[in-house]
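The values are calculated or read from the model by the stated rules, or taken from the named source; none is laboratory data. Computed from a predicted model, the values in this text were never measured in an experiment. Quick reminder, even Gly has a Cβ in these numbers, built from the backbone with ideal geometry, and neighbours come from all protein chains shown.
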Amino acid sequence: MEKKKLVVIGGDAAGMGAASKVRREKPEWEIVVFEKGEYTSSAACGLPYYIAGDVESHESLIARKPEVFREKQNIDVRIFHQVTAIDAEGKKVKVKNISTGEEFLETWDYLLIGTGASAVVPQVPGIDAEGVYALSDLQSGIDTRQGIEKLNPAKAVVVGAGYIGIEMAEALLALRLNVTVVDMAGQVMTAMDEDMATIIGDYMKEKGVHLITGEKLVNIEKNTEGKVTAVVTDKQTLEADLVILGLGVKPNTEMAEKAGMEMGVRGAIRVNKKLETSVPGIWAAGDCAESWHLVKKQQVYIPLGTVANKHALVAGINISGGDAEFPGVLGTAITRFMNLEISRTGLSEKEAKEAGIDYKANTIESSTLSGYFPGTGKIHVKLVVEKNTGKILGGQIVGFNGAAKRIDTIATAITAGMTAQQLVDLDLSYAPPFSPVWDPVQVAARTLL
């Protein structure tokens, strides 16, 4: 068997997942992973719960440490090593040892780029003030938690009302802070339609969040010590001694672009279904790469942990000489704000309209369990279907006590190309502690027949 060398840039989900798959398939290969930080395979999705104290130690968020990869899998993981340039033609990467300052070249036969994404940080005056934090990787979560412990803030402003924003609002309420959430959009969670977002926003206000929509961040004020004192929008000034930026993420692709790789949606690396870039011998996976959307039938950028792990598996198979394709994504996502569960998949009504699709949509209110059963709660389910065929295009759920994971039924139905009638006809389980006799997802489908 011919021995090859794989170099991986980035030691998180996509990079380590692909490296692990290659190691299983090719035990004789040399595999080197360069990670600029201290940690590998960390669960960034758990950061709000770590900051809130629900997760006591950041160690709990590390799925596998660098030494475990080295000792158990013979993967040469080098932390505090930053790749600064890619020579695609010469099949070399330039690497800097952050600890020593040493720079060197590393050759490769195959290269996987798993550089992930970084938090969007608007370049407004005062953004460098002490007490301003943006979440992206594990280290950013550690810094935020330590900063909160040091500053002992009373008033927090969260800029952005997407997934990160509402999860951090929950975390900060748990820490007994006065919490304001500001978003330039006219609603929270723009991935949801306005009617569903209104339910979320109303619940956030009911639980003590000062929610402001339709206002844009202009600058951040700080005192003579450099500590944040206020957030200034285009309409008002909000006192703050802690600011959390929840404005989404952007792919880390500058190095790949300089190396001659084609860029795709929102600056992500363009890849085909095998996760190959435009340069032979180089793959890209995870939050730095784009994906195919199963309903839109076009490339999209959806940076989610689920996507990164699936990318990793497909890339690892193909690097090892196999033949796998990444089928695509629906943008299926789930979160919560306190007891309110939130999920979505496929196209929203707004997206269907923008795509010029002739569609029907409806939202129903039901209960999560049988109405008479203790602990039942409200659930709102919205479905979007193609008008002529009844084919399911998307769904959204907002509710309590087991509501949100029902989105997986809808995601499965969309992937299978099912219609609303076929969803109604599904033989789903029923018992009073789990659902009404007609599951709310099927009730929503019935209204669209």
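If residue 435 satisfies all but one of (1) closer than 25 Å to residue 329 by Cβ; (2) buried (at least 18 other Cβ atoms within 10 Å of the Cβ); (3) of a type in the set (Ser, Thr, Tyr), what's the number of the condition it fails?
Of the numbered conditions (1) closer than 25 Å to residue 329 by Cβ; (2) buried (at least 18 other Cβ atoms within 10 Å of the Cβ); (3) of a type in the set (Ser, Thr, Tyr), the odd one out for residue 435 is (1).
Which one of the conditions (1) more than 23 Å from the chain's Cα centre (by Cα); (2) part of a helix (DSSP H, G or I) does residue 448 fail to meet, given that it meets all the rest?
So the condition that residue 448 fails would be (2).
Every residue in region 397-425 that is exposed (fewer than 15 other Cβ atoms within 10 Å of the Cβ) and either part of a loop (DSSP other than H, G, I, E, B) or touching a helix residue (DSSP H, G or I) at 6+ places or on another chain (Cβ under 7 Å) (or both), please.
416, 417
For (1) in contact with a Ser or Thr (Cβ under 6 Å, 6 or more places away or on another chain); (2) more than 21 Å from residue 313 (Cβ to Cβ); (3) among the aliphatic types (A, V, I, L, M), each residue gets a yes or a no:
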{"position": "35", "(1), (2), (3)": "no, no, no"}
{"position": "44", "(1), (2), (3)": "no, no, yes"}
{"position": "57", "(1), (2), (3)": "no, yes, no"}
{"position": "74", "(1), (2), (3)": "no, no, no"}
{"position": "82", "(1), (2), (3)": "no, yes, no"}
{"position": "102", "(1), (2), (3)": "no, yes, no"}
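Report the residue count in region 258-290 for those that are closer than 16 Å to residue 14 by Cβ, touching a residue at least 24 places away in the same chain (Cβ under 8 Å) and aliphatic (A, V, I, L, M).
Residues in region 258-290 being closer than 16 Å to residue 14 by Cβ, touching a residue at least 24 places away in the same chain (Cβ under 8 Å) and aliphatic (A, V, I, L, M): 8 in total.
How about region 48-72: which of its residues are in a helix (DSSP H, G or I), farther than 24 Å from residue 245 by Cβ and either within 22 Å of the chain's Cα centre (by Cα) or among the aliphatic types (A, V, I, L, M) (or both)?
Within region 48-72, 59, 60, 68 meet the criteria.
Residue 21 fails exactly one of the following numbered conditions: (1) out of contact with any strand residue (DSSP E or B) (no Cβ under 9 Å at 6 or more places or on another chain); (2) surrounded by fewer than 20 Cβ atoms within 10 Å (Cβ to Cβ). What is the number of that condition?
Unmet for residue 21, out of (1) out of contact with any strand residue (DSSP E or B) (no Cβ under 9 Å at 6 or more places or on another chain); (2) surrounded by fewer than 20 Cβ atoms within 10 Å (Cβ to Cβ): (2).
Kindly indicate which of 75, 86 is more than 26 Å from the chain's Cα centre (by Cα) and closer than 15 Å to residue 41 by Cβ.
Details: 86 fails: closer than 15 Å to residue 41 by Cβ.
Going through 75, 86 in turn, the sole match is 75.
Taking the conditions exactly as written (closer than 17 Å to residue 142 by Cα, surrounded by fewer than 20 Cβ atoms within 10 Å (Cβ to Cβ), of a type in the set (Lys, Arg) and assigned by TED's automatic domain parsing to the domain that holds residue 307), does residue 26 satisfy them or not?
On the way: closer than 17 Å to residue 142 by Cα: no; surrounded by fewer than 20 Cβ atoms within 10 Å (Cβ to Cβ): yes; of a type in the set (Lys, Arg): yes; assigned by TED's automatic domain parsing to the domain that holds residue 307: yes.
In short, no.
Among residues belonging to region 256-298 that are among the small types (Gly, Ala, Ser) and in a helix (DSSP H, G or I), point out the one that is farthest from residue 320 (Cα to Cα).
Looking at residues that are among the small types (Gly, Ala, Ser) and in a helix (DSSP H, G or I), I get 267.
Run residue 321 past the list (1) assigned to a loop (DSSP other than H, G, I, E, B); (2) farther than 23 Å from residue 111 by Cβ; (3) not charged (D, E, K, R) and report the number of the one that doesn't hold.
(2)
Conditions (1) at pLDDT below 95; (2) under 23 Å from residue 7 (Cβ atoms); (3) in contact with a strand residue (DSSP E or B) (Cβ under 7 Å, 6 or more places away or on another chain), marked per residue:
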{"site": "235", "(1), (2), (3)": "no, no, no"}
{"site": "241", "(1), (2), (3)": "no, no, yes"}
{"site": "251", "(1), (2), (3)": "no, yes, yes"}
{"site": "265", "(1), (2), (3)": "no, no, yes"}
{"site": "277", "(1), (2), (3)": "no, yes, yes"}
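Within region 279-318, restricting attention to residues that are under 18 Å from the mean Cα position of the chain (by Cα) and of a type in the set (Val, Ile, Thr), which residue is surrounded by the fewest Cβ atoms within 10 Å (Cβ to Cβ)?
Step by step, filter region 279-318, then rank; the result is 306.
Under 6 Å between Cβ atoms, which residue pairs at least 6 apart in sequence (or on different chains) link something in region 426-437 that is in the same structural domain as residue 375 (by TED's automatic domain parsing) with a partner that is part of a loop (DSSP other than H, G, I, E, B) and of a type in the set (A, V, I, L, M)?
430/437
Of everything in region 327-383, what is part of a helix (DSSP H, G or I) and under 20 Å from residue 441 (Cβ atoms)? Give them in sequence order. Reasoning before the result, please.
Going through region 327-383, the residues part of a helix (DSSP H, G or I) turn out to be 349-354.
349, 351, 352, listed by residue number.
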